[in-house]
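Data first, discussion second: the structure below is written as structure tokens.
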Amino acid sequence: MALVRCHQLVQRATREHPATRPTPESARAAADALLHAWPDIERDTGLGVRLRAHTRALRTRTSPAGSVEEWLWQPDGHPVLFRAGTSLGGSGQVKAAVGYWQEMARTAGHRLGPDHPHTLTTRHNLARWRGETGDPAGAANAFEHLLTDTLRILGPDHPHTLTTRRNLADWTYESGDTAKAVEVLSTLADDQERVLGPDHLDTQASKQVLRLWRDELSDG
């Protein structure tokens, strides 16, 4: 899929003309188009740069009727906002990704409330990219706090809860606390087997890693 470029003067005229200035409907349509153009796997670095730039430009637009940023959070956050953050981190800009997800977490908490699933998602992504910057202890601590809220809001058997527990185990291990990581992952593997079944890929992966970590403790 190709992106169509438009001269800046034409863009400005389109934004400012009463018949074509941004509206909630046109803003969401533009966001939908960006999301549709975004490949699941970004093999074209330049395309990712352009899509993130277009998303950023879209978010900053305003009109007499309101701001596009506000419209994109109605009713609960357009997926392109989340895709842009994932793309940013995936491009290797991990520090920028931390800043992006910090802003997203604040905005989601304000607009959607602290218990909204999308707010939990922003916190999850923030914790992940914090770890990727070289702060595994900070990531583990963030996932531990997130898990408390995820358990309360979504329940112990929700897929997002299980994923949060796996991330907590992984970053705890990366922070150097193998014994605690084994404890977290052991309990998770039992629950994954109960909820997902013994043959599920997530269950099998947890058990395989658990064996490696236990061997590491034994060798130590």
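Write down the Kirkwood hydrodynamic radius of the chain, to one decimal in angstroms, obtained as one divided by the mean of 1/r over all alpha carbon pairs. If you can, show how the numbers build up before the last one.
Working: mean 1/r = 0.0514 Å⁻¹.
By the Kirkwood definition, the hydrodynamic radius is 19.5 Å.
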## Note on the structure
Note, residue 121: beta-carbon cut-off 13 Å, +1 each Lys/Arg, -1 each Asp/Glu, net 0
### Message
Let me check I've understood the local charge: for residue 176, count other residues with C-beta under 14 angstrom from its C-beta, Lys and Arg +1, Asp and Glu -1. What total comes out?
### Response
-4
#### Entry: For the chain, built as a Gaussian network whose Cα springs stay under 10 Å, the top-fluctuating residue of 182, 94, 209
209
### Query
Roughly how tilted is helix 79-90, in degrees to the nearest 10 and between 0 and 90, from the longest Cα axis of the chain?
60
### Task
Using only the alpha-carbon atoms of the range 136-220, report the extent along each of the three principal axes, biggest first, to the nearest angstrom.
39, 32, 15
### Query
Roughly how big is the range 66-134's charge dipole about its Cα centre, with Cβ charges of +1 (Lys, Arg) and -1 (Asp, Glu), in debye to the nearest 20?
240
### Query
All other residues with a Cβ under 13 Å from the Cβ of residue 95 taken together, and with Lys, Arg as +1 and Asp, Glu as -1, what is their net charge?
-1
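Every number in this text was worked out from the coordinates using simple rules, so none of it is lab data. Values in this document were obtained by computation on a predicted structure and should not be read as measured data. Every residue, glycine as well, gets a Cβ built from its backbone with ideal geometry; the counts of neighbours run over all protein chains shown.
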